[in-house]
1. Keeping every protein chain present and rolling a 1.4 Å probe, give me the accessible area per residue for the range 1-152 in Å².
2. Which one of LEU63, GLY92, LEU222 is farthest out on the positive end of the charge dipole of the chain, using unit charges on Cβ (Lys, Arg +1; Asp, Glu -1) and the Cα centre as origin?
3. Per residue, how much space in cubic angstrom lies within the convex hull of the C-alpha atoms of the range 95-169?
4. Using a 1.4 angstrom probe on heavy atoms only, work out the carbon and sulfur share of the accessible area of the chain in %.
5. At 1.4 Å probe radius, can you tell me the per residue accessible area of the range 226-303 in Å²?
6. Student exercise: in the chain, how many lysine pairs 8 or more apart or on different chains have Cα atoms under 23 Å apart?
7. Restricting attention to the alpha-carbon atoms of the chain, what are Rg (one decimal) and Dmax (integer), both in Å?
8. To the nearest 20 debye, what is the magnitude of the charge dipole of the range 158-303 about its Cα centre, counting +1 on the Cβ of each Lys and Arg and -1 on the Cβ of each Asp and Glu?
Amino acid sequence: MRKLVVIGSINMDVVSNVAQFPQPGETIHSRDAQFFPGGKGANQAVAAALAGADCSMVGAVGLDPFGSTLVASLEERGVGVSSVLTKAGTSGIAIITVNEEGENYIVLSEGANGRLTEEDVAAEVNWDGVYAVLLQNEIPWETTQHVIRSASKAGVRVWLNPAPARTIPHEVFPLLDTLIVNETEAGVVSGLRVEDAASAEAAAASIIGRGTSNVIITLGELGCFYGNARGERFNVPAFRVKPVDTTAAGDTFIGAYAAACTEGLDTEAALRFATAAAALTVTRPGAQSSIPAKEEIVAFMNT
């Protein structure tokens, strides 16, 4: 099995459920509060490990009580944690308030994620035997750019999920083997509005034209679109399920896709596997607690 490295964020999601959002200065009662280990990097690492990948995580937590819980959540789900550093200060924390309509307000404190440096990564990562590195946008961009350059120079595939969305410098595109984005992120990166398969194809073509070899655009209920520099284009439809909580669906898709690729599945089969994994995730509450294992995904695909 080929190795996968995920470099990114590790957060504790603190979720409070309310009837309606408070007005400025108002105090209201929450129906309950829940704690879910999350963060895009950690979620994707968990999804990859549960889907069968030999996956390790590079990131940082704080000295607060959440730090050990976040590391334990990764380790319990099969992620290598020897390169998860402990930094002074707090861990990354997302304060999430959800109302009866399912709308949410999120306040993100980056904590230790914002203190993960180029030097940290250089000291922790050895590219020997690594098939691909998976990156997001919840650690400093300078650190992410360093990883992109270093991995590309070492011949390691770079898979980037630029979330939260941001523009990407022109010189970075040729260093990316695969860019994985949703409609909003695809729009920011390409400068084109994305709302269906046709507009996704146009956005993918624009990104590929800048030097990236493969582009995957997730489209929610419409599944996902794939395009590459060789001219291959196709859609993979979504699985129909009744959603309960969409948290971590995108991260699950990405981690499961990465795992399938490390096991040698062709692109279309890997994307179908990832789409099934994401569908299962939305039928369960929480972030890492909602991510399915490989056996569940395979069984779901065969029903």
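1. Values: 6730 Å² over 152 residues.
Heavy-atom accessible area per residue stands at 44 Å².
2. Of the options given, the answer is LEU222.
3. Spread over its residues, the Cα hull of the range 95-169 gives 118 Å³ apiece.
4. Details: 6760 of 13130 Å².
Carbon plus sulfur share of accessible area: 51 percent.
5. Details: 3390 Å² over 78 residues.
Counting only protein heavy atoms, the per-residue value for the range 226-303 is 43 Å².
6. Details: LYS3/LYS40; LYS3/LYS153; LYS3/LYS294; LYS40/LYS87; LYS40/LYS294; LYS242/LYS294.
Final tally of qualifying lysine pairs is 6.
7. That works out to 18.4, 57 Å for Rg and Dmax.
8. Working: 10 positive and 16 negative charges, 21 e Å.
Dipole of the range 158-303, to the nearest 20 debye: 100 debye.
The values are calculated or read from the model by the stated rules, or taken from the named source; none is laboratory data. Since the structure is predicted, the reported quantities are computational estimates derived from the model, not experimental observations. Here the Cβ is made from the backbone with ideal geometry for all residues, glycine too, and neighbour counts use every protein chain on show. These accessible areas exclude ligands, DNA and RNA; they are computed on the full protein's heavy atoms, side chains included. Shrake-Rupley method; radii C 1.70, N 1.55, O 1.52, S 1.80 Å.
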